[in-house]
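Written below as structure tokens is the structure these notes are about.
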Amino acid sequence: MQYFVVMIDYGRRGREAVVDPEVTRREVVSRIASGEYQNISFIHEIAENSVEDVTEAILTEAALPQIPPEDVDLQAIRLDHARDVRKHEKA
């Protein structure tokens, strides 16, 4: 079994540990990026009999811009690559 513990610090009001075995790493990242989780003290990944502090990795991942798949123009990428190949063949 694997799950994440997200510790949220509310300052003078205390702390809350969000523990839901059904929430995946992707969902934790999504909740941080959307602002649902703020003021995070730490994030631990519990897997079998081990605990790993993944706070920095997940916060870094959540800060990366998400590019929707429909915004990626694969045809343009292919055409650019073909042009570059032709250009270097002539040299």
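The values are calculated or read from the model by the stated rules, or taken from the named source; none is laboratory data. Predicted, not measured: the structure shown is a model, and the values here were computed from it. For the accessible areas, the whole protein counts, side chains as well, though only heavy atoms, and no ligand, DNA or RNA atoms are used. Shrake-Rupley method; radii C 1.70, N 1.55, O 1.52, S 1.80 Å.
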Residue-span extension gain [Glu89 to Ile8] - 0.36 nm each, minus C-alpha spacing: 23.5 nm
Report Phe42's accessible area, 1.4 Å probe, all protein chains in place, as a number in Å² to the nearest 10. 50
Multiplying the sequence separation of Ala47 and Arg78 by 0.36 nm and subtracting their Cα-Cα distance, what value in nm do you get? 7.1 nm
